[in-house]
Amino acid sequence: MNFLNKNDNELVELYVGGKEAALAELLRRHKSKIYTSIYMLVKDEFLAEDIFQDTFIKVINTLKSGRYNEEGKFLPWVLRIAHNLVIDFFRKEKRTPVITNGDGFDIFDVLGFYDESIEDKMVRDQTHKDLKTMIQMLPSEQKEVLIMRHYGDMSFKDIAEVTNVSINTALGRMRYALNNLRKLMQTKELSLKLTS
Amino acid sequence: MIQISTQDLQLLLLETREELSHTIGAEEKEFYTSIKPELNREIRNPHESTIDRIMAYSKGV
């Protein structure tokens, strides 16, 4: 059977009806959105793998027990499960996500800024290199919305449902996040210029 | 490494809260578009072994 032309809801129905390959297609279709959303919140590859696996164990148990009632909203539902597991983890650990500036991330390797001086380019490179760190500096509710919107590809309506806030609040948090990131980047750029 | 004090950050966030309404304006959209390529570089996938374990679990339920 060709699963590529099936929508998520049809795949869920096929899976519940015993077609294991339908779950494989749902995983193939959504794994990077779900995994990246988890990873960006926990910033630990092994922990993200564990939470991703636990998320799908819950998904499988719910689907196979016939308790799934989120018709047409498979991805937001899975992301809500993942989000709750991340919250549970941090609650158990009694800590908030760690600020890290890991793995040699060189943002502007692939982009050209031909009108800039070498100095300006270095400043810009350094500024963008720290984007990941800046995201981790955001208040958790703003970071959550940015991650769900960008990596989970979720609508603000779905984000609002997952985080138990109004759509206006979800939109406001996204705007706070973008404004704060821009201000942090401007501040960083300015401080690099002053020290160079 | 970034060297911005917590106090500076709090001031920045406070200023931002005061000037915001609950919409995403053209300026924010433009900024978001400008950082999308960098954000996209963070997209990653779980290991195949994790997918295999999930599928194995499913078959066993």
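Among the residues of region A:70-103, just one is at pLDDT below 90, among the small types (Gly, Ala, Ser) and under 23 Å from residue B:41 (Cβ atoms), namely A:102. Kindly evaluate residue B:49 against the criterion of being modelled with pLDDT of 90 or more and either within 21 Å of the chain's Cα centre (by Cα) or surrounded by fewer than 15 Cβ atoms within 10 Å (Cβ to Cβ) (or both). Here the answer is yes, as residue B:49 does meet what is asked.
When region A:15-44 is filtered for residues that are outside any helix (DSSP H, G or I) and free of Cβ contacts under 8 Å to residues at least 60 places away in the same chain, the ones remaining, listed by number, are A:17, A:18, A:19, A:44.
Tell me whether region A:165-173 contains one or more residues that are under 15 Å from the mean Cα position of the chain (by Cα), more than 7 Å from chain B (Cβ to nearest Cβ), of a type in the set (Val, Ile, Thr) and closer than 23 Å to residue A:81 by Cα. No, there is no match, as no residue in region A:165-173 is under 15 Å from the mean Cα position of the chain (by Cα), more than 7 Å from chain B (Cβ to nearest Cβ), of a type in the set (Val, Ile, Thr) and closer than 23 Å to residue A:81 by Cα. Just one of the numbered conditions (1) touching a Ser or Thr at 6+ places or on another chain (Cβ under 9 Å); (2) surrounded by fewer than 19 Cβ atoms within 10 Å (Cβ to Cβ); (3) not β-branched (Val, Ile, Thr) is not true of residue A:18: (1).
Looking only at region A:45-70, count every residue that is of a type outside the set (D, E, K, R), more than 8 Å from every other protein chain (Cβ to nearest Cβ) and without any contact (Cβ under 8 Å) to a residue 24 or more places away in the chain and tell me the total.
From region A:45-70, those of a type outside the set (D, E, K, R) are A:46-48, A:51-53, A:55-57, A:59-63, A:65-66, A:68-69; that's our starting set.
Narrowing the set further to residues that are more than 8 Å from every other protein chain (Cβ to nearest Cβ) leaves A:46-47, A:51, A:55, A:59, A:62-63, A:65-66, A:68-69.
Next, only the ones that are without any contact (Cβ under 8 Å) to a residue 24 or more places away in the chain stay: A:46, A:59, A:62, A:65, A:69.
Matching residues across region A:45-70 total 5.
The C-beta contact set for region B:32-56 (first residue within 7 Å of chain A (Cβ to nearest Cβ), second residue surrounded by 14 or more Cβ atoms within 10 Å (Cβ to Cβ) and modelled with pLDDT under 90, distance under 6 angstrom, 6+ apart or interchain) comprises B:38/A:107; B:38/A:128; B:38/A:131.
The values are calculated or read from the model by the stated rules, or taken from the named source; none is laboratory data. Computed from a predicted structure; not experimentally measured. Note that each Cβ is placed from the backbone with ideal geometry, even for glycine, and that neighbours are counted across all protein chains shown.
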